């Protein structure tokens, strides 16, 4: 282009970072660029949370008006702030590569408790004005208090620092882009597939006039095709639900192994309704998610082979009122006494019980690095030590073993295990590196009776064996296995039709039950 490009932007630190980033990219392409700062209604109204403000486009309307008036040529937005229906005469011509799409919690150290969901102490006060975040926070933890929080990113962090909140929720992308020092806080990053991110979070949207074909051609060199496809799924769900930032909706889409996978979570007043879909064709995924949201689930009776604790996420806030859960462990555990532990560089915990019975002996583990797999095991380990150096979060524990082996190198690893361990992680090491240390015994129960249920969820291979001592599986029952090893045990008993969760932890099981 021959003329100078004028970029319109809000004046917050994050908006200016975004605008200067785009300016620098355009200058690399040989363009002349200047910025124009525009104040929006979202910047001017600071005393109301977003769900109490009328209308849509709080951070975009004034900028779009100047774009249409030709006082600017290009608007740089956080894509999640843009309405899904573009104003007549405007279009999004380019999207950036995606920064981390997750939310993060910044927690004052005195309110940090990693043994709890979201690592928040009971009764914590959490700051956010997002309806989506409020709905999910309440579903994860119904004991916390949520208070509105407005202002730019540094202002919000200062309010936390001043003690107005125990913790606040921010987009990871904004904090990373501003390179803010967070060392005084505990930083927790929930998986965006569990604490589901906002549609298009982490992506910049570059908006122009529809008839500006010359600028559109320039911007194609900066466009991320893959990010565009992913957020197209997310924003189509938002569009079809006729929502803006007031809608308590999270949608997160990723391309993985040639497959587009999408997780969605919609607050409904009582809890959060979750949905999952996958396909090689991203264009049909939004419809799949919308169907799952719109269809009322029929009454379901679900059995899960473990006791449901008070802090479990396998509950009505995620499963809905139509699901009755029967939780009963089909196995019992007996701890072993020991007064010393073998020498090792690492201790790796593969289950809650391996940690529970190991730490019961209260032995000195100083000088050793600590590792575990899964959020449940992490929470149990966190009750006993602040130092956790590795957490594996893949449904396939063998993949966790491969990842962990790369980190360990040639160091020696102690595995607290049961007497019937399968040693899945251990198989990735040389025999000389591995110390299997039996800390508890597993006993399969027979003194139970399970009523006929629509869905059976098995959480371990031993629970499968115990179940088949007294029961069989009917052709009408849906079967869910917590992981591949549990699935392989089901196959031993002739059950080949079962599903595996796509993510670790209880929400992965929730998604499969409702799937």
**Study point:** Mean Cβ count within 10 Å, highest first, over the residues of peptides 338-348, 271-281, 75-85
**Key:** 75-85, 271-281, 338-348
Revision key, fill the gap. Contact order relative to length for the chain, counting C-alpha pairs under 8 Å separated by 6 or more residues, stands in percent at 12 percent
Practice item. Determine the gain in length on full extension of the stretch residue 488-residue 110; use 0.36 nm per residue of separation and subtract their C-alpha separation, reporting nm with one decimal. Key: 131.7 nm
Check your understanding: So what is the 222 nm mean residue ellipticity for the chain from helices alone, if each DSSP H run of at least 4 adds -39500 (n - 2.57) and you divide by all residues, rounding to the nearest 500 deg cm²/dmol?
Key -> -8000 deg cm²/dmol
Study note, to complete from the structure: Rounded to the nearest 10, the angle in degrees between the Cα long axis of helix 397-408 and the longest principal axis of the Cα atoms of the chain comes to 80 degrees
Revision key, fill the gap. Subtracting the Cα-Cα distance of residue 399 and residue 211 from 0.36 nm times their residue separation yields 62.7 nm
Point to revise | Rg(Cα) / (2.2 N^0.38 Å) computed for the range 332-444, rounded to two decimals | key: 0.97
Exercise for review: Rank-order 128-134, 472-478 by packing density, defined as the average count of other C-beta atoms within 10 Å over each peptide's residues, highest first.
Suggested key: 128-134, 472-478
Practice item. Kindly express, to the nearest 10 degrees and within the range 0 to 90, the angle between helix 131-140's C-alpha long axis and the longest C-alpha principal axis of the chain. Key: 10 degrees
Point to revise | Correct option for Cα extents along the principal axes in Å [calculated from the coordinates] among (i) 77, 53, 42; (ii) 92, 58, 43; (iii) 71, 57, 38 | key: (i)
Review point. With labels modelled as points extended 7 Å from the Cα through the Cβ direction, what inter-label distance (nm, one decimal) is found for residue 21 paired with residue 328?
Key: 5.4 nm
Review point. Hey, rough spin-label estimate for residue 343 and residue 385, points 7 angstrom out along Cα→Cβ, what's it come to in nanometres?
Key: 1.7 nm
Review point. Of the listed peptides 499-508, 192-201, what is their order by residue-averaged count of other C-beta atoms within 10 Å, with the highest listed first?
Key: 192-201, 499-508
Revision key, fill the gap. Once both label points are put 7 Å beyond Cα along the C-beta direction, the residue 470-residue 363 separation in nm becomes 3.5 nm
Practice item. Work out how much length residue 443 to residue 36 would gain on full extension: take 0.36 nm times their residue separation and subtract the Cα-Cα distance, in nm to one decimal. Key: 139.5 nm
Practice item. Round to the nearest 10 and give me the degree value, 0 to 90, for the angle of helix 285-294's Cα axis relative to the longest principal axis of the chain. Key: 70 degrees
Review point. If contacts are Cα pairs under 8 angstrom and at least 6 residues apart, what is the relative contact order of the range 347-450 in percent?
Key: 28 percent
Review point. What ranking of 222, 482 emerges when the number of other C-beta atoms within 10 Å of each C-beta is taken as an exposure proxy, fewest first?
Key: 222, 482
Point to revise | Cα pair distances in the range 103-188, grouped into 5 Å bins until the bin that holds the longest one, percent each | key: 3, 15, 30, 28, 18, 6, 1
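Quick note: the coordinates plus some simple rules give every number you see, no bench work behind them. From a predicted model like this one, the values you see are computed outputs, not experimental measurements. Neighbour counts run over all protein chains shown; Cβ positions are idealised from the backbone, glycine included.
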